[in-house]
Each structure stands twice: as structure tokens, then as C-alpha cells.
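Everything on this sheet refers to the single structure shown next.
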Amino acid sequence: PLFHGAISGYLGQATTIIPGKTACLSCIFPRAPPASVFPALGSTCGVIGSIQVTEAIKYVTDAGKLLENRLLFWDGLNGCLDEMACERNSACRDCSDSLQ
């Protein structure tokens with residue numbers, strides 16, 4: 001599994017990717033983000049890192065509901081969480097069933 005997390009300033013995101021079961025990073029992000037330099041706010045790193053660790057513990061202990069096929073967004077500036085549903089792309093070059 002991959003417990004994905006990314007941050008930029010006050011913003012962060014997290015998801016859990018299970019190979020062969022969930023959308024992969026290429027399905028979720030079909031294009032690379034533009035090159036940029038952005039600040040890493042320590043509190044945002046802490047929130048997203050804590051979510052990633054929680055996902056790993058849930059996976060190992062088979063407890064709770066993982067962030068499978070869901071991308072969680074953290075907005076530290078406004079103090080809110082949101083999420084977006086994700087799905088596997090059957091034509092994905094990285095994880096499609098035809099590659100298995």
C-alpha cells in the first residue's frame with residue numbers, strides 16, 4: 001500500500017492506495033503538477049503526516065475505513081476538511097487490469 005500525502009503552505013491532501021484495488025496516483029493525478037517552489041508549513045506537515053500514520057495503523061490492524069478511492073483535502077487556513085471520490089481508470093498505463 002501507499003499512504004500518500006502532500007502539502008503546500010496551509011493546504012494538504014492524503015489518500016490510501018492499495019495496488020490492484022484502488023485508483024493509483026496516475027489515475028488520481030493524470031498530469032504532473034507544474035514545477036514550483038512552495039512553503040512547507042510545519043503544522044500542515046503534522047496534520048497530513050498524522051493522517052498518513054493513522055491510515056497505516058488502520059491498514060495493519062484492519063480497523064476502520066481507509067481513505068481508499070477518496071482524496072482527503074485539509075485547508076488549514078480555514079480549518080476544514082473535504083474529500084473527493086476517486087476511481088480507477090481502466091485505461092491507466094500504470095495500474096490497468098490489462099497490465100496485471
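Of all DSSP bridge pairs formed entirely within the chain, close to 90 percent run antiparallel.
Send over a whole-number figure in Å² for the accessible area per residue of segment 1-59, probe 1.4 Å.
57 Å²
Our helix-only sum for the chain, with -39,500 (n - 2.57) per DSSP H run of n ≥ 4 divided by its residues, gives a mean residue ellipticity at 222 nm of -7500 deg cm²/dmol. Accessible surface for Ser8 stands near 50 Å², nearest 10, in the context of the full protein assembly shown (1.4 Å probe).
Residues Leu41, Leu66 ordered from highest to lowest accessible area at a 1.4 Å probe: Leu41, Leu66.
Computed from phi, the 3J(HN,Hα) profile of segment 42-58 under the Karplus parametrisation 6.51, -1.76, 1.60 (θ = phi - 60°) reads x, 5, 5, 4, x, 5, 5, x, 5, 5, 4, 5, 4, 4, 4, 5, 4 Hz, with x in place of Gly and Pro.
For segment 1-46, the gyration tensor built on C-alpha atoms gives an oblate shape. Its axis ratio a/c (a ≥ b ≥ c) is at least 1.5, and a/b is not larger than b/c. Protein-only accessible surface at a 1.4 angstrom probe places the residues Leu2, Leu81, Leu72 in the order Leu81, Leu2, Leu72, largest first. Considering only Arg70, Arg88, Arg31, the Gaussian network model of the chain with Cα springs below 10 Å gives its largest mean-square fluctuation to Arg31. Among residues other than Leu2 with Cβ under 13 Å from its Cβ, the summed charge is -2 (Lys and Arg +1, Asp and Glu -1). In the chain, the portion of solvent-accessible area held by carbon and sulfur atoms comes to 59 percent [1.4 Å probe, whole percent, DNA, RNA and ligands not counted].
Amide H contacts for Arg70 (H built 1.01 Å from N in the peptide plane; partners 5 or more residues away or on another chain; cut-off under 5 Å): Thr16, Cys86.
The values are calculated or read from the model by the stated rules, or taken from the named source; none is laboratory data. Quick caveat: nothing in here was measured; it's all calculated off a predicted structure. Because the Cβ atoms are built from the backbone with ideal geometry, glycine has one as well, and the counts that use them run over all protein chains shown. We work out accessible area using only protein heavy atoms, side chains counted, and drop any ligands, DNA or RNA first. Shrake-Rupley method; radii C 1.70, N 1.55, O 1.52, S 1.80 Å.
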